[in-house]
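Here is the structure we will look at, set down as structure tokens.
The values are calculated or read from the model by the stated rules, or taken from the named source; none is laboratory data. Here the structure is a predicted model, which is why all the values come from computation and not from measurement. Heads up, the Cβs are rebuilt from the backbone with ideal geometry, glycines too, and the neighbour counts pull from every protein chain shown.
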């Protein structure tokens, strides 16, 4: 039976016209599936469904998502991310499961307590020098009486501008140059920063993506060393708003707060001190 599939030109270029035709005809696409974004059931015979192709150097895994959750797209991932997606998605839509080169980056993890979600940290390319890694924590932030999914980013050391030998901290200026807005208070949702996005796939947080300076597909500004779990409430809020608020502060401004209320207090203080930037990032806005 024909499927209500969206196959983007980018996906079609990777899988070929013949395989795209087989998918649309229902020969190689499942009727029912678990959405690779929200993890709830979907039916490609009854509702618009996006094809999402996870690829690496030697690996391709084809997954499916509600068209309202994700557009049809190609997503480049690391080996750890891909294997996590394969375990989550299962055998459905797996094109192959060959090996990809592994990445080994310095990282640390915060310990979870209550609803505060920890995230391992990884150095973003072309921004943070080797001695600094990014602490990334997820949580829900209340703004104008509505809960929003948020990521709070804080490096473990001052961030120098690439190519300089100075000892200053250019973390916030670098982000402001990319379009993040300085905040003095958390009174309103920050503007959307188009071109950047948060990749939430198979119900897990994979990466923060930024525009590719050379054109083409976005590249990872931060990647989870392994796909990271988020709470059901955080994921539901992300799918509701179709965006995630990203807050960033220099080293020592936020700290490892054990609860969301303490995290909010730290964000408010950083904003009042002029040490906070933010933007709203679309979900997988590739």
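Worth pointing out:
- All told, residue 72 meets the bar of being within 21 Å of residue 220 (Cβ to Cβ) and at pLDDT 75 or above.
- Residue ID - farthest from residue 5 (Cα to Cα), chosen from residues in segment 34-51 that are buried (at least 20 other Cβ atoms within 10 Å of the Cβ) and at pLDDT 85 or above: 42
- Test for residue 224: is it surrounded by 15 or more Cβ atoms within 10 Å (Cβ to Cβ), under 16 Å from the mean Cα position of the chain (by Cα), in contact (Cβ under 8 Å) with a residue 12 or more places away in the chain and at positive phi: no
- Among residues of segment 6-33, those that are in a strand (DSSP E or B) and either without any contact (Cβ under 8 Å) to a residue 60 or more places away in the chain or loosely packed, with under 13 Cβ neighbours inside 10 Å (or both), counted: 1
- The one condition from (1) at pLDDT 85 or above; (2) in contact with a strand residue (DSSP E or B) (Cβ under 7 Å, 6 or more places away or on another chain) that residue 284 does not meet is (1).
- Evaluated against (1) touching a helix residue (DSSP H, G or I) at 6+ places or on another chain (Cβ under 9 Å); (2) surrounded by 15 or more Cβ atoms within 10 Å (Cβ to Cβ); (3) outside any helix (DSSP H, G or I); (4) free of Cβ contacts under 8 Å to residues at least 60 places away in the same chain, residue 54 falls short on exactly one condition, (4).
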